[in-house]
Amino acid sequence: MTVYLVRRVLQALLVVLAMSLIVFIGVYAIGDPVEILISPDADQIERERAVQALGLDLPLWQQYAVFLTKALQGDLGRSFVYNEPALKLILQRMPATMELAFGATIFALIIGLPLGLYAGLRPDSRFSRIIMAGSILGFSLPTFWVGLMLIMVFAVYLGWLPSTGRGETGTLLGLRWSFLTWDGLRHLAMPALNLSLFKISLVIRLTRAGVRETMLMDYVKFARAKGLSPARVIFVHVFKNILIPVVTVVGLELGSTIAFSVVTESVFAWPGMGKLIIDSINVLDRPVIVAYLMMIVLIFIAINLIVDLTYSLLDPRVRLESKGT
Amino acid sequence: MSDAVISAKPTDKVETPFRRFVSEFAENKVALGALVVFIIIALLAIFAPWITPQNPYDLAELDIMDGRMEPGTVGGAGFTFLLGTDDQGRDMLSGIIYGLRISLTVGAGSALVACLIGASLGLLAAYAGGRTDSVIMRLVDLQLSFPTILAALMILAFLGKGIMNVVIALVLVEWAYYARTVRGTALVERRREYIEAAQCLALPTHRVLFCHLLPNCLPPLIVVGTMQVARAIALEATLSFLGLGVPITEPSLGLLIANGYEYMLSGKYWISFYPGIALLITIVAINLVGDQLRDVLNPRLKK
């Protein structure tokens, strides 16, 4: 297990390094670094001073080394717009995005699992067909348009939920969270549902496929032959086994949920990282862009790593395979 | 198209593989309907200038006095705005049909280029094997492990906004799907005898690759290609909605929807609603066709 752990962490570090190289090349080689890193308002003398200060006269590999050292110290530049460290800006916005992503994941599980279970147990019933057709729509519908329609129905016509913003926030561990207040929860509901649509479909399909496969297994037949109640067979014997792939995929999807929250946050004016990055791209606030990209890459790789490790804990076969090689 | 379907009924004497393919495809009425819908959409987009009552890009034809008219009102120019107008007095129906044009061009164009690049690399990986294979497949893995929207944002952040950059971003995001698909099929196909025969004839490598190996890898490639066109259209709409795509003077569907965003809160739903419906119908139609193609072309499901 330790060998496996060390190897996976090393692999993850390599990917972080590769991504930092890609971001670096993107910013320094494809774009004009002077334009990117120095405020467009700066005059000629300021520019030259900045070029030297940033070490842009050095060869590219040395520049990369400087970029990497600074990045390791948490220095990813200052925002032109807010005149604050880019990393600090991103970290300030992170709780809002995390809250949204977790909300979406919870929605996906509490809606997707029961529907998928039903569709798997009664594949030929009419309701199951409706569920499956709905899940195709969930894959096809463009998220941002569904978000707009949600606002139109629930905020404009029915007036049940507020259309935009984060609402009142409560404080926990020194951070501001919307889910601690009733008003905040009302603001959170629609964006979280919007973000979860794709994942609800995914969970429905995974659960349905898992249930259909597992119901035919010998151990399920045996459990039923033993005279256990159908509820016990389904919720203890079947459910436990289909949870492994569902949890893995939902966990892996958390990263892409955080990335896709860019769209949902723009629709609902949710003040998270995604809203910040779109605003930053629109005003060319490049240090914030770089900080966001590095941060999300880091989150992504961390999630992949955690899911992999959890998976190997849940399913002993994974560990045995990696030992064998 | 409907002629071809009718003539391909099993009553025909000669059954060519293509005819069998057509008749198998037509078995699913939903998919057939989707195909018809898609063809209509494509025709609308191609013949847009002759169909639409107004050229939505010609500012001289727009009248700001017609702005935000409800669907069904008659405008200053004398024709009825069937789907209403947006804030600049642009007829929504014309705007949507022209928007479809951009969406389809970007979607199909990027899918085609991505397909060329991806398929070539996939073939190369399968044929060359060894180090070439592992380098290409590592790149594919890296690309596929990141969500498309993130990769597209990254590329647009480096290159800046604009329609060409959106196409580049879409191509860079999508090539990996084609590469993986083609490599998978080609790995199986290259062990077949006809490849061995072609190699024994000492044909040049590019000939073996593109004239012998590639045609036999086509079925899964077509399926992936269809689905990717739908994905590309959705992604382009999303990027345009976020304001990173097409310029405001020539709106695609995504930008039309974004334009209607602020007016929706005051109950003027049609500016966002109808372009979204057009987008939805296009994407669902392509996906349904792709689904049926997958069932028909999948050798494992052959009767």
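The values are calculated or read from the model by the stated rules, or taken from the named source; none is laboratory data. From a predicted model like this one, the values you see are computed outputs, not experimental measurements. Here Cβ is always computed from backbone atoms with ideal geometry, including for glycine, and neighbour counts include all displayed protein chains.
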Checklist entry - Of the residues A:Val283, A:Val262, which single one is within 12 Å of chain B (Cβ to nearest Cβ) and at pLDDT 85 or above? => result A:Val262
Checklist entry - Within the stretch A:242-254, which residues are modelled with pLDDT of 80 or more and either of a type outside the set (Val, Ile, Thr) or part of a loop (DSSP other than H, G, I, E, B) (or both)? => result A:Leu243, A:Glu253, A:Leu254
Checklist entry - Any residue at all in the stretch A:224-235 that is modelled with pLDDT of 80 or more and within 23 Å of the chain's Cα centre (by Cα)? => result no
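When you go through A:Val156, A:Val81 one by one, which is the residue that is of a type in the set (Val, Ile, Thr), surrounded by fewer than 20 Cβ atoms within 10 Å (Cβ to Cβ) and in contact (Cβ under 8 Å) with a residue 24 or more places away in the chain? Walk me through how you get there before you give the answer.
Numbers: A:Val156 fails: in contact (Cβ under 8 Å) with a residue 24 or more places away in the chain.
Exactly one residue qualifies, and that residue is A:Val81.
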Next on the checklist: Give me the residue from the stretch A:253-311 that is surrounded by 22 or more Cβ atoms within 10 Å (Cβ to Cβ) and polar (S, T, N, Q) and, out of that set, nearest to A:Val146 (Cα to Cα).
Outcome noted: A:Thr264
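Hey, could you check the stretch B:258-293 for residues that are small (Gly, Ala, Ser) and under 17 Å from A:Tyr157 (Cα atoms) and say which is modelled with the highest pLDDT?
Ranking the qualifying residues of the stretch B:258-293, first place goes to B:Ser272.
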Checklist entry - If you scan the stretch A:119-153, which residues turn out to be away from chain B (no Cβ under 14 Å), modelled with pLDDT of 85 or more and surrounded by 15 or more Cβ atoms within 10 Å (Cβ to Cβ)? => result A:Ala119, A:Ile131
Next on the checklist: So A:Ala50 ticks every box in (1) under 30 Å from B:Val229 (Cα atoms); (2) in contact with a helix residue (DSSP H, G or I) (Cβ under 8 Å, 6 or more places away or on another chain); (3) among the aliphatic types (A, V, I, L, M) but one. Which box is left unticked?
Outcome noted: (1)
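Results for (1) within 13 Å of chain A (Cβ to nearest Cβ); (2) closer than 22 Å to A:Phe260 by Cα; (3) free of Cβ contacts under 8 Å to residues at least 12 places away in the same chain, shown as yes or no for each residue.
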{"position": "B:Thr185", "(1), (2), (3)": "no, no, no"}
{"position": "B:Glu193", "(1), (2), (3)": "no, no, yes"}
{"position": "B:His206", "(1), (2), (3)": "no, no, yes"}
{"position": "B:Ser252", "(1), (2), (3)": "yes, yes, no"}
